[in-house]
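In what follows, a structure is listed as structure tokens, so that the remarks can point back to it.
The values are calculated or read from the model by the stated rules, or taken from the named source; none is laboratory data. These numbers come from a predicted model, not from an experiment. FYI the Cβ positions are ideal-geometry reconstructions off the backbone, even for glycines, and counts take in every protein chain you see. Please note that ligands, DNA and RNA were not included when accessible areas were found on the heavy atoms of the full protein model with its side chains. Shrake-Rupley method; radii C 1.70, N 1.55, O 1.52, S 1.80 Å.
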There are 4 protein chains.
Amino acid sequence: MADAPGDGDAGEHGGSHGYITRKDDYLKRLSRIEGQARGLQRMVEQEKYCIDILTQVSAMTKALESVALGLLEEHLAHCVVEAARSGGPEADIKVKEASDAIARLVRS
Amino acid sequence: MADAPGDGDAGEHGGSHGYITRKDDYLKRLSRIEGQARGLQRMVEQEKYCIDILTQVSAMTKALESVALGLLEEHLAHCVVEAARSGGPEADIKVKEASDAIARLVRS
Amino acid sequence: MADAPGDGDAGEHGGSHGYITRKDDYLKRLSRIEGQARGLQRMVEQEKYCIDILTQVSAMTKALESVALGLLEEHLAHCVVEAARSGGPEADIKVKEASDAIARLVRS
Amino acid sequence: MADAPGDGDAGEHGGSHGYITRKDDYLKRLSRIEGQARGLQRMVEQEKYCIDILTQVSAMTKALESVALGLLEEHLAHCVVEAARSGGPEADIKVKEASDAIARLVRS
């Protein structure tokens, strides 16, 4: 299964999840999001104006959403397309799984 | 500024923003969200399965959303209601400001 | 009932819900949204390309969202502000009710 | 290309968009959504309570969202999977297109 990496063969499985080439980019964005979460704690700690805090929450939500959409696109481009190519029932499973993830994103 | 009352001196703005009573609760939730951001970095670092990462992103988005809705309710209950009570154009400004914040939340 | 003022008799509840002045605007927008729903049925009937249908659904969702945000702003500006001014527990009820409606919008 | 039907060969192209088997279901749901849009106009016409109108808007948005998620899943299961199987650059185009549609849904 392409999604069972970690057995010492990072080269082969490394790319299997599709985002390895942009891993650093995702890590940078997530670290910025972590910083936003810390910034929000400071704002609450200092009792900043509620509306300003909400503006930061919206910015952070958008940043997270954008990470999710990027990961999802890579997942479709790699996992789903590969599963489709290798034939068999795997493609159906991957499509169902991706659709459920999309539904969670749309509803969150 | 309507949002800088001054009921004594609980740290100048003390309580003025309405969420002081639940400040610890918000700090706890935001610190948990910060932890989720760190967890996501670990997942990307270890190249976890994309769908599992997306599930975590959805959970984190929901947690953030819930913080935002809580802060907004307190803002309406305190700042907006107080501004309405003190009369004058301040209430209109507060309503416009809150509506813009709501629009950002709905669209993010 | 705070939302049943009675400034004479503009249709019993006239103006009471705050959006009467822009009623025609809302009716026009909702009628356009109804037209979009009919357009979508035609697209499905004719088996138009899925992505084009989804684009229309997004446009329709945005139009609906925008109606909701407009109604909500008027509700805050009228009902909530009036309830705050008339004092008593009514303001708390209105704030809770509005916050629940906002939560439904944010989560839908 | 599978997504250019309408040239007199409904059998072949008919199924190409993937939702033909559930076409009646989608038409029924969209017709219900059209009814909700009409109901909203009646509510505004009769100046129903704002919060009740917002509740209906949320229900309608959820219904639309659910139609979109259904169409999207079928699109992935059919168009995207087929494009992947037939090889060539078509799969990339389909994935990009689907990802853009997902981004519009998530952000609307």
Exercise for the section: Output, in nm with one decimal and in ascending order, the distances from the residue B:86 label point to the matching label points of the other copies (7 Å from Cα along Cα-to-Cβ). Expected result: 2.4, 6.5, 6.6
Handout entry: Neighbouring partner chain Cβ atoms per residue of D:88-99, average, 10 Å criterion
Key = 4
Practice task
Express in whole angstrom the spacing between the alpha-carbon centres of the stretch D:94-108 and the stretch A:91-108.
Solution key: 13
Exercise for the section: Determine which chain A residue has its Cβ at minimum distance from the rotation axis mapping A onto D, giving the value in whole Å. Expected result: A:84, 2
Fill in the blank from the handout: Taking R0 as 30 Å and r as the Cβ-Cβ distance between residue A:42 and residue B:96, the FRET efficiency 1/(1 + (r/R0)^6), rounded to the nearest 0.05, comes to 0.65
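What does the charge count near residue D:107 come to, summing +1 for each Lys or Arg and -1 for each Asp or Glu among other residues with Cβ under 13 Å from its Cβ?
Charge balance near residue D:107 sits at +1.
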Fill in the blank from the handout: Under the Karplus relation with 6.51, -1.76 and 1.60 and θ = phi - 60°, whole-Hz ³J(HN,Hα) for the stretch D:56-70, x at Gly and Pro, equal 5, 4, 4, 4, 5, 4, 5, 5, 5, 4, 5, 4, 4, 5, x
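If the limit is 29 Å between Cα atoms, which of A:23/B:96; B:23/C:94; A:62/B:96 go over it?
Values: A:23/B:96 41 Å; B:23/C:94 23 Å; A:62/B:96 22 Å.
Pairs exceeding 29 Å: A:23/B:96.
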Practice task
Note the distances from residue D:32 to each other copy's matching label point, with points 7 Å along the Cα-to-beta-carbon direction, in nm, sorted shortest first.
Solution key: 2.7, 3.4, 4.2
Exercise for the section: Give, rounded to the nearest 20 debye, the magnitude of the charge dipole that the stretch B:20-107 has about its Cα centre when Lys and Arg contribute +1 at Cβ and Asp and Glu contribute -1 at Cβ. Expected result: 200
Fill in the blank from the handout: Inter-copy distances for residue D:48, nm, shortest first, label points 7 Å along Cα→Cβ, are 2.8, 4.1, 4.3
Completion exercise
A 1.4 Å probe over the protein heavy atoms gives the stretch D:20-107 a carbon and sulfur accessible-area percentage of 51
